[in-house]
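Below: one structure, written as structure tokens.
Each reported figure results from applying straightforward, stated rules to the coordinates on display, with no laboratory input. Just so we're clear, the structure is a prediction, and the values are computed from it rather than from any experiment. Every residue, glycine as well, gets a Cβ built from its backbone with ideal geometry; the counts of neighbours run over all protein chains shown.
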Amino acid sequence: MPPAHFKLIDPSIRAFHDATLPTREERRENLNNLAIPCANFEECGKTKPRSELKVCAKCKLARYCSQACQKSHWRAIHKAQCSPAGEGSPQALPIKLAERALAAPVILDAMFNISVLVLDLITDPTNAERAVVKVACQTLAADIQAYMRRMFAGLPKDPGAQVCLSYASFTSVPLAEVDEKTRQTAADMRVKLGAQISDEQPLVTFWFVKAPDEKEHSESDEDEKEEEGSSKDKTGETEEAAPKDEKAGTKKAIESTSLPEYSLSVTLRLPKGTIAYMATKPKEIVRSTMLADQEVEKTERNMRELLNNTIRMDTSNKLRLRAYPTVAST
Ligand SMILES: [Zn+2]
Ligand SMILES: [Zn+2]
């Protein structure tokens, strides 16, 4: 049984949740220190702290190490990919929010714990050198009750409704099957942090991609099963690109299917003690006013659900993981 949704009625649960939120300053500092590859990484090969990169003024998502990189990337790729400011296009929004989420220790900690399981670092910490954690991100209606009311009333989804980040899955993908940027960032960080890497604190690479849209789930699941062999450097993309091509005729997403998808790769050093902690098979306490406190195993699924609940609980948007999607104007 998956853990029940948090309820907000009990003030002690509310306080427990609020205590895990970073302050505005902490959040900003964490984000600033995050090492992120230049969007034009294929050409320049640079990874820098986020605060030292210049952001595209239009989409506020793509980040560059220099003006030269921005110009070159604009001509080659970004011009077609860039969407007007605001919160960003529905395509880019999940990635943008996933990046912001890295500023929250409560989320990052859980992601590190999940990475230990997904990459099986307890059995062999060097697994982190051969595979990355692929994080499929999506956005879901932030106000679930309003969403349900509309659904039961037979109304279509409200395209302007506030959404929040939700993690669809954390999976292990062999390094050989990730995109070049992710592979290179990982290698780059390995060189940079060489002396600090150990079996206790391996480097873990997270590769954030947009999850396939809900309707496409069943199709992409089949794809995964039958795909075998057709991997090469594609695995991550085929999963998303294939179902999209099929629906191209029915939806107006036709133009966007040919565009490169936004993705984000971040390589981080696992905090000390994370593997040892996960090796103790810790339990997660799920606090629910409906079912009282429940102990559940820390599986990828349970931890992911808890993460998503944490985001959902943040109704005042302190984590800034809620946003209004920009509806394409044309
Ligand atoms: Zn842009
Ligand atoms: Zn660059």
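Among D314, D293, D188, rank each residue by its count of other Cβ atoms within 10 Å, from fewest to most, as a rough exposure measure.
Arranged by neighbour count, lowest to highest, D314, D293, D188 become D293, D188, D314.
Between segment 38-52 and segment 134-159, how far is it from one alpha carbon centroid to the other, in angstrom?
After rounding, the separation between the Cα centres reads 35 Å.
Using a Förster radius of 45 Å, what is the FRET efficiency between D143 and K283 based on their Cβ-Cβ separation? Nearest 0.05, please.
The computed FRET efficiency comes out at 0.90.
Among S115, S66, which comes first, then next, by fewest other beta-carbon atoms within 10 Å?
Ordered from fewest to most neighbouring Cβ atoms within 10 Å, S115, S66 come out as S66, S115.
To the nearest 20 Debye, how big is the dipole of segment 36-82 about its Cα centre, given +1 on the beta carbon of each Lys and Arg and -1 on that of each Asp and Glu?
200
Rounded to the nearest 0.05, what FRET efficiency do N33 and D158 give with R0 = 45 Å and r taken as the Cβ-Cβ distance? Could you check?
0.75
Which whole-number percent is the relative contact order of segment 91-142 (Cα, under 8 Å, 6+ apart)?
Taking the mean separation of contacting Cα pairs over the length of segment 91-142, I get 37 percent.
How large is the dipole of segment 76-186 about the Cα centre if only Lys and Arg carry +1 and Asp and Glu carry -1, each at its Cβ, rounded to the nearest 20 debye?
In total the dipole reaches around 420 debye.
Given the Cα-Cα distance of S198 and E295 and 0.36 nm per residue of separation, how much length would full extension add, in nm?
31.7 nm
Mind sorting V204, V173, V191 by how few other Cβ atoms lie within 10 Å of their own Cβ, fewest first?
V191, V173, V204
Please state the relative contact order of segment 36-82 as a whole percent: Cα pairs under 8 Å, 6+ residues apart?
33
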